[in-house]
Amino acid sequence: MTATLIDGKELAGIVRREVTGRTAASAIAPGLATVLVGEDPASGIYVASKRKLSVAAGFRDLHRHLPSDVTQEELERVVDELGADDEVDGILVQLPLPAHLDAAAVIARIHPDKDVDGLTEVSAGRLALNRPGLRPCTPSGVIRLLDWAGVGIKGAHAVVVGRSDLVGRPQAQLLLARDATVTICHRYTADLASATRTADILVVAAGVPGLVGAEHIKPGAAVIDVGIHRTEDGLCGDVDFESARQIAGHLTPVPGGVGPMTIASLLQNTLTAAEFRRGIR
Ligand code: ADP
């Protein structure tokens, strides 16, 4: 059996066109404030592409670039200012922040209705209680990929490897909200392979290159690889692609799987935040 590959680039394009159409039809131009601190090249590239794609969707670019030696107080003041500014619908603080800054304290200052990364305690609480709210971008993108590929979530056994605030934990809750039976694995899971082999849906977000191979996968399972690592041979994920594709039913490639969906979800969240703030939703 050779897995059907799930093309995240194609779906991200579809989602972006959908957001662009909805934005044009509603005659609102959501304002997205990306906040970049310092000159980290990878963060610079991510923020540039978020800004470019949000402008292409018809959003207003309200970017703030702060010097790498900005103080905690100054950064929090900027985040407060954006929270109070009616022009701003979404606030995204690009992580990681330089080591002298307390990222959790900065995130705590983000206005919850503008929290388009879904990382504040309020957003996490809304998700945990299955109430409407802004959801973290990468796990939302994974749900969208599964739906698009026709993978049934309701009643399926979903196993999530990883329990980070950004991916694993919210991923498990999103799958639970869609009526999957959910198992969460992490670095203290005694026998990873025997847990993952029971999965109909396997989402791997451990940050360990090649952690999951054929021996971890039930034949026919949908395997979603959230990892991304730069190696001498190019990019690779947490899943050993060549062995996994021999046994999985569906598989996301790296690159071109989950990655492109993250920005698409960000655009969707920003439009949703703008609609909520204007009482359209
Ligand atoms: P991400 O942001 O992609 O979720 P993090 O590095 O923040 O990545 O989190 C890694 C997660 O993966 C942690 O929850 C950790 O427990 C889990 N993890 C790391 N190594 C393993 C492993 N060998 N087996 C299972 N889980 C692991």
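The values are calculated or read from the model by the stated rules, or taken from the named source; none is laboratory data. None of the values given here were measured: they were computed from a predicted structure. Glycine also receives a Cβ, built like all others from the backbone with ideal geometry; neighbour counts cover every protein chain displayed. These area figures cover heavy atoms from the full protein model, side chains too; ligands, DNA and RNA do not enter into them. Shrake-Rupley method; radii C 1.70, N 1.55, O 1.52, S 1.80 Å.
Data overview
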| item | result |
| --- | --- |
| Whole-number percent relative contact order across the range 136-260, with pairs defined as alpha carbons under 8 Å at least 6 apart | 22 percent |
| In order through the range 27-36: 3J(HN,Hα) via Karplus (6.51 cos²θ - 1.76 cosθ + 1.60), integer Hz, x for Gly, Pro | 6, 10, 10, x, x, 10, 9, 8, 10, 10 |
| Euclidean distance of C-alpha centroids, the range 1-17 and the range 214-280, integer Å | 9 Å |
| HN-Hα J in Hz across the range 74-84 - Karplus 6.51, -1.76, 1.60, θ = phi - 60°, x for Gly and Pro | 5, 4, 5, 5, 5, 5, 4, 4, 5, x, 8 |
| Global geometry of the range 136-260, whether rounded, prolate or oblate, following the gyration tensor of its Cα atoms and the 1.5 cut on a/c | rounded |
| 5 angstrom amide H check on Val161, placed H, neighbours 5+ away | Cys185, Val203, Val204, Ala205 |
| Net dipole in debye of the range 1-120 [+1 Lys, Arg Cβ; -1 Asp, Glu Cβ; about Cα centre; nearest 20] | 660 debye |
| Estimated dipole of the range 136-260 in Debye, rounded to 20 [Cβ of Lys and Arg +1, of Asp and Glu -1, Cα centre] | 360 debye |
| Where labels lie 7 Å past Cα in the beta-carbon direction, separation of Arg17 and Ala177 in nm | 2.7 nm |
| DSSP beta bridge pairing in the range 136-260, given as percent antiparallel to the nearest 5 | 15 percent |
| For the range 25-129: rounded, prolate or oblate by the Cα gyration tensor [a/c cutoff 1.5] | oblate |
| Net dipole in debye of the chain [+1 Lys, Arg Cβ; -1 Asp, Glu Cβ; about Cα centre; nearest 20] | 960 debye |
| Relative contact order %, the chain, counting alpha carbon pairs below 8 Å whose residues are six or more apart | 22 percent |
| Percent accessible area from carbon and sulfur atoms, the range 27-111, protein chains only, probe 1.4 Å | 58 percent |
| Amide H partners (placed H, <5 Å) of Ile247, local residues excluded | Ala3 |
| Whole-percent carbon and sulfur share, accessible surface of the range 136-260, 1.4 Å | 52 percent |
| Computed lengthening from Glu121 to Ala103, 0.36 nm per intervening residue step minus Cα-Cα distance | 5.2 nm |
| Accessible area per residue, Å², the chain with all protein chains present, probe 1.4 Å | 46 Å² |
| Overall form of the chain per C-alpha gyration tensor (a/c, 1.5; a/b vs b/c) | prolate |
| Calculated from backbone phi, Karplus (6.51, -1.76, 1.60) coupling profile of the range 255-264 in Hz, x at Gly/Pro | x, x, x, 5, x, x, 6, 5, 5, 4 |
| Dipole of the range 136-260, positive direction: furthest Cα of Thr189, Pro253, Gly207, with charges on the beta-carbon | Thr189 |
| Listed residues Tyr188, Tyr46 arranged by accessible area, highest first, probe 1.4 Å | Tyr188, Tyr46 |
| Positive-pole candidate from Ala108, Val70, Val93, dipole of the range 27-111, charges at beta carbon | Val93 |
| Dipole-positive endmost among Ile143, Gln173, Val161 within the range 136-260 (Cβ charges, Cα centre) | Gln173 |
| Exposed GluC sites (Glu not before Pro) absent: longest stretch of the chain, with sites in DSSP loops and at most 16 other Cβ within 10 Å deemed exposed | 88-231 |
| Approximate spin-label separation Asp69-Leu129, in nm, with each point projected 7 Å along Cα-to-Cβ | 4.5 nm |
